[in-house]
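Below is one structure; the comments refer to it alone.
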Amino acid sequence: MILDWNDIDTVLLDMDGTILDRHFDDHFWLEHVPKRYAEKTGMPLEEAKPFLYALFRSQEETLNWTDLDYWSKRLGLDIPVLKHEVDHLIAVHPGVMEFISFLRRHGKAIWLVTNAHAKTLTIKMRKTRLGPWFTGIVSAHDLGLPKEDDRFWGKLRERVPYDPARTLLGEDSETNLGTAARYGIRYLIHVGRFSSTAPPATSSRFTSIHYFSQLIPPPGGTCVSIPD
């Protein structure tokens with residue numbers, strides 16, 4: 001992909017696994033919640049994990065997947081409180097601030113567009129202090145549709161005045177990149193280094209990067225070449 005920043009007005013960025021290290025989320029849902037659930041119910045941890053993993057998978061690609069109120073009620077746990085117990089793991093990926101600074105210097109609109117619940121956003125924006133750097137923040141819960149739904153990107157335009165032909169989307173989810181592609185968003189970037197504790201992934205369908213700093217052109221230039 002040859003990226004010419006003269007052709008881009010708007011940048012849409014996902015949050016978990018894209019600008020933030022997904023290690024926090026993976027640890028929280030796969031380790032911390034099962035531990036606390038086992039303590040609460042008396043269920044052995046080795047039984048609680050597969051039970052909860054199946055429960056989580058049953059809500060994939062729905063808004064319930066990221067709805068902290070839903071999971072608090074379903075599990076009988078205060079999920080926001082549990083998130084605070086391990087919030088030291090919340091971290092911004094390397095290169096993100098450099099990239100956002102570049103976008104701001106060049107007058108691009110920068111929108112955080114995430115499936116994350118409002119309570120999750122509050123915790124993570126407070127921890128990372130990233131909020132003021134964005135033109136705006138939109139949660140899928142505000143729109144009533146997850147990004148996995150093809151209708152999401154059209155619904156988003158009711159909140160964000162973007163031209164799909166002049167928009168770049170950064171995502172770690174190939175599913176979400178796929179719905180964006182079908183809607184006509186032109187520049188689609190797959191973030192393969194979604195977690196600091198997992199091997200990077202490479203997409204066979206979309207241009208993959210490890211760090212957003214790879215999208216910054218050399219001084220004085222407007223174009224950058226990204227290997228497919």
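None of F102, F134 is touching a residue at least 12 places away in the same chain (Cβ under 8 Å), farther than 27 Å from W29 by Cβ and either surrounded by 18 or more Cβ atoms within 10 Å (Cβ to Cβ) or among the aromatic types (F, W, Y) (or both) except F102.
Table: residues versus (1) charged (D, E, K, R); (2) within 15 Å of the chain's Cα centre (by Cα); (3) under 21 Å from L103 (Cβ atoms).
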site	(1), (2), (3)
L143	no, no, no
V160	no, no, yes
I185	no, no, yes
V191	no, yes, yes
F194	no, yes, yes
P217	no, no, yes
I226	no, no, yes
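Scanning the stretch 150-177 for residues that are crowded, with 18+ Cβ neighbours inside 10 Å and either of a type in the set (S, T, N, Q) or farther than 16 Å from A109 by Cα (or both) turns up F152, W153, T167, E171, D172, S173, N176, L177. If we scan the stretch 196-215, do we find a residue that is crowded, with 21+ Cβ neighbours inside 10 Å and not hydrophobic (A, V, I, L, M, F, W, C)? Yes, the stretch 196-215 contains at least one residue that is crowded, with 21+ Cβ neighbours inside 10 Å and not hydrophobic (A, V, I, L, M, F, W, C). For the stretch 14-55, the candidate set comprises residues that are of a type in the set (D, E) and free of Cβ contacts under 8 Å to residues at least 60 places away in the same chain; within that set, the residue that is nearest to V138 (Cα to Cα) is D25. In the stretch 1-13, the residues that are closer than 13 Å to A165 by Cβ reach residues that are assigned to a helix (DSSP H, G or I) with C-beta atoms within less than 7 angstrom, at least six apart or across chains, in these pairs: D7/R166; I8/R166; D9/R166; T10/R166.
All conditions but one from (1) crowded, with 16+ Cβ neighbours inside 10 Å; (2) in the same structural domain as P34 (by TED's automatic domain parsing) apply to V81; the one that does not is (1). Of all residues in the stretch 1-51, those being part of a helix (DSSP H, G or I), of a type in the set (K, R) and within 22 Å of the chain's Cα centre (by Cα) number 0.
The values are calculated or read from the model by the stated rules, or taken from the named source; none is laboratory data. Given the structure is predicted, the values throughout are model-derived calculations rather than measurements. With ideal geometry, Cβ positions are generated from the backbone for all residues, glycine too; neighbour counts draw on all protein chains shown.
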